[in-house]
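The structure appears below as structure tokens.
The values are calculated or read from the model by the stated rules, or taken from the named source; none is laboratory data. These numbers were taken from a predicted model, which means no experiment stands behind them. We place every Cβ from the backbone using ideal geometry, glycine too, and count neighbours over all the protein chains shown.
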Amino acid sequence: MPETQTTCAIAGGGPAGMMLGLLLARAGIDVTVLEKHADFLRDFRGDTIHPSTLEVMHELGLLEGLLARPHQKTYEIGARIGATKIAVADFTHLPTHCKYIAFMPQWEFLNFLAETGKRYETFHLKMQAEATGLIEQGGRVTGLRAETPEGPLDIRADLVIGADGRTSVVREKAGLIIDDLGAPIDVLWLRLSRRETDEAESLGRIDAGRFFIMIDRGDYWQCAFVIPKGSFDEWKSKGIDAFRQTIATLMPSLTDRTAEIRDWNNVKLLTVKVDRLRQWYRDGLLCIGDAAHAMSPIGGVGINLAVQDAVAAANILSRPLLSRTLTSDDLARVQKRRLFPTRVTQAVQVFAQTRIVEPVLRETGTISPPFPLKLLNWFPILRRLPARAVGMGVRPEHVQIGEGAK
């Protein structure tokens, strides 16, 4: 079987894998990133880049180049709950260079990271290379097995990173234990065209039995329709016309555009998971991003958590990788660093799912904003709190490693 050697082999070319690959290569470490698809042009749904991630790009001197890519800026988010409009978060007061959330197609973000990484001789990106197994020796993970268009490939490495998402092959092959925290909801994603005359609905519409989110993507609305867990087949049995009518009732201004949902092929199901590995590592292997902790779409923070994992991993692991002294204690330090932010964020998401979203989906009468949300309308300064929680998260990471050999 053909074989190649690298210092760090990363399975998964998503935000966690690409960011870590770039940071390690920037530090002079030989790194190989495997991406199973031929390109990044897929419907990634979320596409949010939070202020803390934009701050990382600023610290790397890459912010201006990134923002030259197509994107929209959101300085505030709000919602209409029943008949009442609520302003939820105001990002304009954050202590960051970018005081907004950038909505950018994720393929633009990943292509930018890939193009930047290629400036470094130690950065290697293999497209259409899918991780299929681990290479082990004496109980230690020593590499990845991959399938490529040219056939099977073995990649020997000092460290294997599992950044291959919530259905991680690396995690499965490593036998790491997952704790399922539960998710009572799923999400249906769709697109509807946007007009300049449309009223800005930076979060969406919440009404009895319905939770509908709209994200301004320039010439279209990226929409999320929240449903009870496992109820997609029930919706399909009602027919696409009933689904269109439900959206038109929630958002009358979109009535003349619901015909753009031609059939169920225009609707994408996201099966929501919230889970976390008990231990993120084995000797020679570490999982980060969704492979370590699948996040709910609430708050749109999954990409941000993945990038923060990558920055922390690069900060902690660069020196031992350069000196070839990496141990499991170093990998444990990464989990210790990122476990607290992950636990807090998931706890908030689980609370929101079970105490806010699920009751709304069960509600049949008239609803109104709960008292804490009314306070946000009465006292605008309070909007800075949810803005900081969403925009920066818990314990935001900063780049601490310098630039090495190119």
Practice prompt. Please work out which one of (1) in a strand (DSSP E or B); (2) in contact (Cβ under 8 Å) with a residue 40 or more places away in the chain is the condition Trp221 fails and give its number.
Written response: (2)
Item to complete: Kindly list, by first and then second residue, each pair from a residue in the stretch 183-196 that is in contact (Cβ under 8 Å) with a residue 12 or more places away in the chain to a residue that is acidic (Asp, Glu) and in a strand (DSSP E or B), limited to pairs with Cβ atoms under 7 Å and residues at least 6 apart or on different chains.
Response: Arg194/Asp216
Worksheet item: How about the stretch 275-309: which of its residues are more than 18 Å from Asp164 (Cβ to Cβ), touching a Ser or Thr at 6+ places or on another chain (Cβ under 7 Å) and not polar (S, T, N, Q)?
Response: Asp283, Gly300, Val301
Worksheet, complete the sentence: If you go through Ile227, Ile213, the only one that is surrounded by 20 or more Cβ atoms within 10 Å (Cβ to Cβ), touching a residue at least 12 places away in the same chain (Cβ under 8 Å) and closer than 21 Å to Pro369 by Cα is Ile213
Practice prompt. Only residues that are hydrophobic (A, V, I, L, M, F, W, C) and touching a Leu at 6+ places or on another chain (Cβ under 7 Å): list them for the stretch 84-116, please.
Written response: Ile86, Ala87, Val88, Cys98, Ala102, Trp107, Phe112, Leu113, Ala114
Discussion item. Show the residue pairs meeting these rules: Cβ distance below 8 Å; 6+ apart or different chains; first residue within the stretch 12-27 and in contact (Cβ under 8 Å) with a residue 24 or more places away in the chain; second residue aromatic (Phe, Trp, Tyr) and crowded, with 24+ Cβ neighbours inside 10 Å.
Written reply: Pro15/Phe109
Response to the item:
Condition set in a helix (DSSP H, G or I) and touching a strand residue (DSSP E or B) at 6+ places or on another chain (Cβ under 7 Å), scope the stretch 248-286, selection nearest to Val187 (Cα to Cα): answer is Asn266
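This table checks each residue for (1) more than 23 Å from the chain's Cα centre (by Cα); (2) modelled with pLDDT under 95.
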{"site": "Ser237", "(1), (2)": "yes, no"}
{"site": "Arg244", "(1), (2)": "yes, no"}
{"site": "Thr271", "(1), (2)": "no, yes"}
{"site": "Leu285", "(1), (2)": "no, no"}
{"site": "Ile298", "(1), (2)": "no, yes"}
{"site": "Gln308", "(1), (2)": "no, no"}
{"site": "Ala313", "(1), (2)": "no, no"}
Item to complete: Give me the pairs, please: first residue somewhere in the stretch 65-82 and within 15 Å of Gly300 (Cβ to Cβ), second residue anywhere and modelled with pLDDT under 90 and among the charged types (D, E, K, R), beta-carbon distance under 6 Å, and either six or more positions apart or on two chains.
Response: Gln72/Asp216
Worksheet item: Do we find that Arg338 is without any contact (Cβ under 8 Å) to a residue 60 or more places away in the chain, more than 24 Å from Ala310 (Cα to Cα) and either among the basic types (Lys, Arg) or not assigned by TED's automatic domain parsing to the domain that holds Gly299 (or both) in this structure?
Response: no
Worksheet item: If we scan the stretch 347-365, do we find a residue that is in contact (Cβ under 8 Å) with a residue 12 or more places away in the chain, surrounded by fewer than 12 Cβ atoms within 10 Å (Cβ to Cβ) and not in a loop (DSSP other than H, G, I, E, B)?
Response: yes
Worksheet item: Does Thr32 satisfy being at negative phi and either of a type in the set (A, V, I, L, M) or in contact with a strand residue (DSSP E or B) (Cβ under 7 Å, 6 or more places away or on another chain) (or both)?
Response: yes
